[in-house]
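Asks: Below is the structure I would like to discuss, written out as C-alpha cells.
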Amino acid sequence: MSTLLQYILLLGILASTVGFLVTIFLLRQKIGATRPEVNKDLPAESGIVNEVPAWLRYHFHYYGIALLFMAFDMEMAFMYPWAVVYKNFGLIALLDMGAFLAILFLGLLYGWSQGAIKRL
C-alpha cells in the first residue's frame, strides 16, 4: 500500500468521523429539544428535591481513604498487564512487581500510622 493511498484512507476516515459527529449533533438539535422546568437544575435525591445545599464540606478523613483507594486501584490497573507478561519475563517481572507492591504497602502503613483507616 503506497503512502499516498494511506493518507487518502486517513482523510476518508477523518471526513466520515466529522460527518457522523455533525449528523449526530444536528439530530440532537432537531429531536432532543428540551422543555424548561422549574426544578430541573436543582440537585435531587431519589426524585425529592433536597433542602440541604449540595456543596457541603466533607470531613478531612475521607481524603485519606480516597488516596488509599486510588493507590490500590492503580495497583489493580498494573497487575493485569504484569500478569500477561509474567510468563515471558519470569523472575525479573516477579521482582519488579514485588518492589511495586512493597512501595504500595509502605503507603498503606503510612496511611495507617496517620489514622486514615480509623473510624470517624
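Read the figures in this text as sums done on the coordinates, not as results from a lab. This structure is a prediction, so every number in the text was calculated from the model and none was measured. Using ideal geometry, Cβ is built from the backbone for each residue, glycine included, and neighbour counts are taken over all protein chains shown.
Asks: Express the relative contact order of the chain as a whole percentage, based on alpha carbon pairs under 8 Å and six or more residues apart in sequence. Don't skip to the end; give the middle numbers.
Replies: On the way: 28 pairs, mean separation 27.6, N = 120.
Averaging sequence separation for qualifying contacts and normalising by length gives 23 percent for the chain.
Asks: So between Arg28 and Val84, what do we pick up on full extension, going 0.36 nm a residue minus the alpha carbon distance?
Replies: Numbers: separation 56, 0.36 × 56 = 20.16 nm, distance 4.23 nm.
Extra length from Arg28 to Val84 when fully extended: 15.9 nm.
Asks: How large is the dipole of the chain about the Cα centre if only Lys and Arg carry +1 and Asp and Glu carry -1, each at its Cβ, rounded to the nearest 20 debye?
Replies: Working: 8 positive and 7 negative charges, 36 e Å.
Roughly 180 debye, rounded to the nearest 20.
Asks: Multiply the residue separation of Val38 and Phe105 by 0.36 nm, subtract the distance between their alpha-carbon atoms, and state the gained length in nm to one decimal. Provide the component values of the computation, followed by the final result.
Replies: Details: separation 67, 0.36 × 67 = 24.12 nm, distance 5.06 nm.
Once the chain is fully extended between Val38 and Phe105, it gains 19.1 nm.
Asks: Right, another one. In terms of the Cα gyration tensor, with a ≥ b ≥ c the square roots of its eigenvalues, is the chain rounded because a/c is under 1.5, prolate because a/b exceeds b/c, or oblate? Let's see the in-between values first.
Replies: On the way: a/c = 4.52, a/b = 1.11, b/c = 4.06.
Oblate, because a/c is 1.5 or more while a/b does not exceed b/c.
Asks: OK, next. For the chain, modelled as a Gaussian network with Cα springs under 10 Å, which listed residue fluctuates most, Ile65, Ile31, Ile92?
Replies: Ile31
Asks: At a Förster distance of 25 Å, what's the computed FRET efficiency of Phe20 paired with Ala77, Cβ-Cβ distance as r, to 0.05?
Replies: Details: r = 31 Å, r/R0 = 1.23.
Efficiency at R0 = 25 Å is approximately 0.20.
Asks: Given 10 Å bins starting at zero, what is the percent of C-alpha pairs of segment 61-113 in each, up to the one with the largest pair distance?
Replies: For segment 61-113, the binned pair fractions read 24, 46, 22, 8, 0 percent.
Asks: Stretched out fully, how many nm does the piece from Ala66 to Ser113 gain, at 0.36 nm a residue minus the Cα gap?
Replies: Numbers: separation 47, 0.36 × 47 = 16.92 nm, distance 1.59 nm.
Fully extending the segment from Ala66 to Ser113 adds 15.3 nm.
Asks: While we're here: State the answer as a single residue: which of Asn88, Ser113, Met76 lies farthest towards the positive end of the charge dipole of the chain, with beta carbon charges of +1 for Lys and Arg and -1 for Asp and Glu, about the Cα centre.
Replies: Positive-most Cα among the choices belongs to Met76.
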